[in-house]
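The block underneath contains the structure these notes are about, expressed in structure tokens.
The values are calculated or read from the model by the stated rules, or taken from the named source; none is laboratory data. What you are looking at is a predicted structure, and each value in this text was computed from that prediction instead of being measured. As a convention, Cβ positions derive from the backbone with ideal geometry for all residues, glycine included, and neighbour counts pool all protein chains shown.
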Amino acid sequence: MELLPGVILTFALLVCGIVLSARRRTRSSPSRSASDRPLLLHAINDDRCTGCEACVAVCPTDVLELSQNKSRVARFNACIQCEQCVLVCPTTALVMFPRGTEPPLYKMAALDEHYRAAPRLYLIGEAAGKPLVKNASNLGRAVIEHLVREGLRPSARGGDDVDVLIVGSGPGGLSCALSCLAHRLTYALVEKDELIASTIARYPKGKHVMAEPYDVRCVGLLPVWDAEKSELLDAWKTLLDARGVRVSTRETVEDVEREGDRFAVKSSRTRYRAAAVVLAIGTRGTPRRLGVPGEALPKVAALLDDPERHAGERVLVVGGGDSAVEAAIALADHARAVTLSYRGKALSRCKAMNRQKLQALVDAGRVTLAFGTQVKEIRADEVLLSSSSDLKTLRNDHVVVCIGGEPPLKWLEKVGVRYTERPHLYQLGPTDQLVEALVGPQPENSQPDGAQRDGSQPHGSQPQNARPDSAPFGVIPQSTDDAPTVAISLFTRRRHPSSSQLTHFISKEVP
């Protein structure tokens, strides 16, 4: 019995030694593994970042945050290198790359600083890698101002022989048409959809359209301001009617060929001849299909137009992005039952504000979430949803499929747009500065009546959330915190930073 305390003490010491040894082995193993893998750094292209917050929402350690509606690395030391932010970025604006190397190249249209793909052939808007509504309005004006500077003058031709052929009636195409009128250029504005500004026109009723990017001024001839969809479209219609803008809807451009110093353009209705062509199309292209039986039924739509039309109906919304979430939110006030089906486990690709609104509706029992599900079959009055564990049948009157579209890359290449690989951080610069480089200082056009007024911010002053002056060539830190994220100011073409330059701005706290 006298030996028992000694035995117990010896045993306790032995157990402690085993535990400590195991802990040392556990700690040392990941350390060796981590040292074998280069540290991954973030690179964010502001041209393509739309401020959707998908990367911010998915990050498990709050590394990222929005600053002036752009993603920024705020706490790099908290990064666990999971790369979830890269996976959810809808525009490939954010990538991660090993320290000591270059960010991956990005395939984009080969355009000069005036968005010219070839002599007198221009590509603007989202398809040119410059999304958001203010950029579209600015670029619509910029390309016409550039054509005029390059010598384009009004011709005496008429009918289908025009000075400028514009493809697409979004904000870019409408601004382009207004600019043609301002210079007395003849034009034809062709739209394949039945609606003008169809992307915005098909937003759910009551959706708020944000005048983005916020660090760019609207100096195009189509005014842009924060407003509800109906307010913005009504004001645009009033302006277009007053200026006499003509749009040919339900007409598709099939081919564009160069004939001498002009273009021959074949559409689904006629043949045009034009001195210049402006492609003002988006990237949605052809809506993606589910590829399931019953998808061709009349009750299946690719977009939600007016949620009031579905009053009392049982509606299934398919998708996990902002379009799908906003459709479900809009339907909740009218439909009898709303189900959101998404194949993922969480809504990581939509804006935080939309997720909060949706969650409130889910908590109130007005929307049902079906994560980890896919549509198996669509029938006249029901839908089959499959998951990893079972097959469920839902009573259903209408299906809204919001899963994006196939970009029109092949068509663009066919009509003369060449694609090339650029450094990931390649930017063409702020669109308001592009306009002002062509025509001089301009007042901001953010008035509902379309009249350009200077308002409270005279040209040259800095609005509250204005972009800082363009930096000279080089790499600038995107945050004053410990973020090794990089950005480039490129108003004109310049050489790109090397890996050593990128590394120069890595925080001293980064190992």
Exercise. All but one of (1) within 13 Å of Val278 (Cβ to Cβ); (2) touching a Gly at 6+ places or on another chain (Cβ under 8 Å); (3) not in a helix (DSSP H, G or I) hold for Met108, so report the exception by its number.
Key: (1)
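For residues that are of a type in the set (Lys, Arg) and surrounded by fewer than 18 Cβ atoms within 10 Å (Cβ to Cβ), scanning just the range 117-171, find the one that is nearest to Ala437 (Cα to Cα).
So, considering only residues that are of a type in the set (Lys, Arg) and surrounded by fewer than 18 Cβ atoms within 10 Å (Cβ to Cβ), the one nearest to Ala437 (Cα to Cα) is Arg149.
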Exercise. Take Leu304 and decide whether it is more than 18 Å from the chain's Cα centre (by Cα), outside the structural domain of Asp161 (by TED's automatic domain parsing) and buried (at least 23 other Cβ atoms within 10 Å of the Cβ).
Key: yes
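Just give me the residues in the range 282-295 being within 22 Å of Asp193 (Cα to Cα) and at pLDDT 90 or above, in sequence order.
Matches in the range 282-295: Leu290, Glu295.
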Quiz item: Among the listed residues Gly51, Gly100, which satisfies the condition of being within 19 Å of the chain's Cα centre (by Cα), touching a residue at least 12 places away in the same chain (Cβ under 8 Å) and surrounded by fewer than 24 Cβ atoms within 10 Å (Cβ to Cβ)?
Solution: Gly51
Quiz item: Out of all the residues in the range 375-421, which are under 31 Å from the mean Cα position of the chain (by Cα), part of a strand (DSSP E or B) and surrounded by 18 or more Cβ atoms within 10 Å (Cβ to Cβ)?
Solution: Val375, Ile378, Val383, Leu385, His398, Val399, Val400, Val401
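From the list Leu239, Leu222, pick out the single residue that is in contact with a Ser or Thr (Cβ under 7 Å, 6 or more places away or on another chain), in the same structural domain as Gly140 (by TED's automatic domain parsing) and of a type in the set (A, V, I, L, M).
Leu222
When the range 86-117 is examined, which residues are found to be of a type in the set (Gly, Ala, Ser) and touching a Lys or Arg at 6+ places or on another chain (Cβ under 8 Å)?
Ala93, Ala109, Ala110, Ala117
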Quiz item: Hey, among the residues in the range 243-286 that are among the polar types (S, T, N, Q) and either under 23 Å from Leu139 (Cα atoms) or touching a Gly at 6+ places or on another chain (Cβ under 7 Å) (or both), which one's surrounded by the most Cβ atoms within 10 Å (Cβ to Cβ)?
Solution: Thr283
